[in-house]
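Here the structure comes first, spelled out in structure tokens, and everything after it is commentary.
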Amino acid sequence: MKVIAVTNRCLCKEHFLKRLERISKAEADYIILREKDLEESEYFALAEKCLKICGDKLIINSRAETAKTLGINKIQLSYSDFLKYKKEPFEKIGVSVHSLEEAKKAADMNADFIVAGHIFKTDCKKGVEPRGVDFIKEIAESVNKPVFAIGGISPETAPLLKNSGVAGVCIMSGLMSGDNITETIEKIKKI
């Protein structure tokens, strides 16, 4: 199973760039630089630093201009942003979806991969009912694109996705604030 780290520097127990370096060295397949609270110039400056650490593993979240300017050819978009940026020349475009209908439409419009969630309970979506394994399984069976589960993913919950058809998972909290980055990634990759 592939592992995509999703950043949130506010969750880090250590300096964010040091944490990012540890995640990259621990064999995360990709790293999505999320950091939604930053202004464009702040995000750009951070992305430039992250590119030096992550290299080809770095995926820019939502900021198409930053990605193009820095020569980063992978981007993760919300479904609504994807509808606007679908013609942009990126090597890989991931789309976050929250319904089967969105997943099918994104796949039909040539998204390269789908991120669907939230699958399990998570502090990021406190009070919002998780969609569950059946939801992600239905999406994986309905589109011919790699599908990644997000939301409440950990070494304890990831095995529940084993027969769901997902290509991998996206993890934020466990990699941003967890103590055992390498162990977390290794356990999930073996599923």
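Highest GNM mean-square fluctuation among LEU58, LEU161, LEU17, for the chain modelled with Cα contacts below 10 Å: LEU17. Only Lys, Arg, Asp and Glu carry charge here, each on its Cβ (+1 for the first two, -1 for the last two); on that basis the stretch 11-92 has a dipole of about 200 debye about its Cα centre. Figure legend: label point modelled 7 angstrom from the Cα of ASN144 along Cα→Cβ; residues of the stretch 90-108 with amide N under 20 Å from it are 92-95, 100-108.
With no solvent and one point per C-alpha, what does the Debye sum give as log10 I(q)/I(0) for the stretch 7-116 at q = 0.18, 0.22 Å⁻¹? Values, matching the q order: -0.88, -1.21. Accessible surface area normalised per residue over the chain is 49 Å², counting heavy atoms of protein chains with a 1.4 Å rolling probe.
Here GLU39 and LYS92 are evaluated by their C-beta separation; at R0 = 22 Å the FRET efficiency comes out at 0.30. With 25 Å as the limit on Cα-Cα distance, the pairs of LYS84/LYS105; LYS68/LYS137; LYS92/LYS189; LYS68/LYS125; LYS68/LYS104 that go past it are LYS68/LYS137; LYS68/LYS125; LYS68/LYS104.
Normalised by the number of residues in the chain, the average gap of Cα pairs under 8 Å and 6 or more apart makes the relative contact order 24 percent.
The convex hull drawn around the Cα atoms of the stretch 53-102, when projected onto a plane and averaged over every direction, covers 3.7 nm². Packing here is the average count of other Cβ atoms within 10 Å per residue, and on that basis the peptides 128-137, 59-68, 103-112, 148-157, highest first, run 148-157, 59-68, 103-112, 128-137. Multiplying the residue separation of CYS10 and ASP56 by 0.36 nm and removing their Cα-Cα distance gives an extension gain of 14.2 nm. On the beta carbon distance between GLU65 and MET109, with R0 = 22 Å, the FRET formula returns roughly 0.60. When the Cα atoms of the stretch 103-191 are aligned to their principal axes, the ranges along those axes come out at 40, 31, 20 Å in descending order.
Measuring nothing but protein heavy atoms, the accessible surface of the stretch 1-130 at 1.4 Å probe radius is 48 percent carbon and sulfur.
Computed over the chain, the convex hull of the alpha-carbon atoms projects to a mean area of 9.8 nm². Charge dipole of the chain (Cα centre as origin; +1 on each Lys and Arg Cβ, -1 on each Asp and Glu Cβ, all else neutral): 220 debye, rounded to the nearest 20.
The values are calculated or read from the model by the stated rules, or taken from the named source; none is laboratory data. It should be emphasised that the depicted structure is a prediction, and the values quoted were computed from it without experimental measurement. Cβ atoms come from the backbone with ideal geometry, glycine included; neighbour counts cover every protein chain shown. Keep in mind that these areas ignore ligands, DNA and RNA; they rest on the heavy atoms of the full protein, side chains included. Shrake-Rupley method; radii C 1.70, N 1.55, O 1.52, S 1.80 Å.
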